[in-house]
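The structure appears below as structure tokens.
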Amino acid sequence: MQDMLTSLSTYGYLILFFYTLGGGMVAIIAAGVLSFAGKMDLTLCILIAAVSNTLGDTFLFYISRYSKKEFAPYLKKQRRNLALAQILFKKHGDKIILIKKYIYGLKTLVPVAIGLTKYSFTKFSIINVISSIIWAVSLGLLSYYAGDFLMRVFEFIKIYPWVMPIIIVILLGVIVIYFKKATKKSKKASLL
């Protein structure tokens with residue numbers, strides 16, 4: 001995370017743009033903290049993150065909709081997660097376009113899963129723009145106002161670097177367990 005902060009303060013807005021094309025929750029949080037520290041402009045960070053995130057999801061939707069045959073080989077290993085994304089989309093409808101922006105592992109799969117359906121491109125685009133704005137504003141403001149706390153956390157991690165790998169392993173474990181349970185439930189439901 002410290003490397004992300006250093007890179008963002010040096011190359012800032014360009015890194016933020018490219019990183020938030022594919023989700024970029026860490027980048028918008030880091031940009032909010034740097035804005036708190038006076039090294040970046042919060043309004044510009046939120047604008048860049050919202051535009052970039054909108055473009056990234058629109059591209060994924062478009063490519064999965066109109067290039068299915070070319071895109072299919074890349075999806076073979078993600079079949080279970082794609083099935084989960086489609087089930088979540090059917091269950092939660094339009095809300096999943098916003099919700100998925102906050103869930104690691106689903107950020108890139110939901111636009112692909114929706115693109116594989118007959119869902120309206122115009123409707124997706126409108127909801128995606130609104131969702132990207134909400135996502136960028138909420139995370140940007142939250143990280144800005146929690147800037148002092150987050151900077152203390154980063155300092156703690158600098159002193160005790162062994163803490164971060166433990167946190168990452170725990171988070172990844174929770175995500176893997178969630179996806180395994182969710183895909184098993186969806187597999188059982190599809191068999192019935």
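Please compute the per residue accessible area over the chain with all protein chains in place, 1.4 Å probe, rounded to a whole number of Å². Present the calculation step by step, with values, prior to reporting the outcome.
Numbers: 11540 Å² over 192 residues.
For the chain, the solvent-accessible area averages 60 Å² per residue.
Please list 123-136, 146-159, 27-40 highest first by mean number of surrounding beta-carbon atoms within 10 Å per residue. Kindly include the intermediate steps, with their values, before the conclusion.
On the way: 123-136: 19.0, 146-159: 13.5, 27-40: 22.4.
The densest-packed peptide leads the list: 27-40, 123-136, 146-159.
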To the nearest 20 debye, the stretch 53-166 has a Cα-centred charge dipole, built from +1 on Lys and Arg Cβ and -1 on Asp and Glu Cβ, of 700
Filtered hits (aspartates and glutamates, Cα-Cα < 14 Å from residue 158, offset >= 8 within chain) -> 3
For percent of Cα pairs over 31 Å apart the list reads [x] 24; [y] 15; [z] 27; the calculated value is entry [x]
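Quick check: residue separation of residue 78 and residue 91 times 0.36 nm, minus the Cα distance between them. What number comes out in nm? Each step should come with its number before you reach the end.
Details: separation 13, 0.36 × 13 = 4.68 nm, distance 1.97 nm.
Additional length available on full extension: 2.7 nm.
Measure off, as a whole percent, the carbon and sulfur share of the 1.4 Å-probe accessible area of the chain, all protein chains present. Walk me through the intermediate numbers first.
Details: 8060 of 11540 Å².
So the carbon and sulfur contribution to the accessible surface is 70 percent.
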Place a point 7 Å from the Cα of residue 121 in the direction of its beta carbon; the residues of the stretch 45-75 whose amide N falls under 13 Å from it are 58-68
With all protein chains in place and a 1.4 Å probe, residue 176 shows an accessible area in Å² (nearest 10) of 70
Cα-Cα longer than 32 Å, checked against 39/123; 76/100; 39/181, kept in input order, equals 39/123; 39/181
Note on the chain: contact order normalised by length, alpha-carbon pairs under 8 Å, 6 or more apart, percent, works out to 28
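Name the helices (complete DSSP H segments) of the chain with a Cα length along the long axis of 20 Å or more and a Kyte-Doolittle mean of at least -1.0, or state none. Please list the in-between numbers first.
Values: long enough: 42-66 (36 Å, 1.21); 121-145 (35 Å, 1.35); 163-191 (42 Å, 1.19).
Answer set is 42-66, 121-145, 163-191.
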Ranking 49, 35, 63 by how far each Cα lies towards the positive end of the charge dipole of the stretch 20-119 (+1 on Lys and Arg Cβ, -1 on Asp and Glu Cβ), the top one is 63
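The values are calculated or read from the model by the stated rules, or taken from the named source; none is laboratory data. Every value quoted in this text rests on a predicted model; they were computed, and no experiment measured them. Ideal geometry is used to build each Cβ from the backbone, glycine not excepted, and the neighbour counts take in all protein chains shown. Ligands, DNA and RNA are stripped out before the accessible areas are found, and what is left, the full protein with its side chains, is counted by its heavy atoms. Shrake-Rupley method; radii C 1.70, N 1.55, O 1.52, S 1.80 Å.
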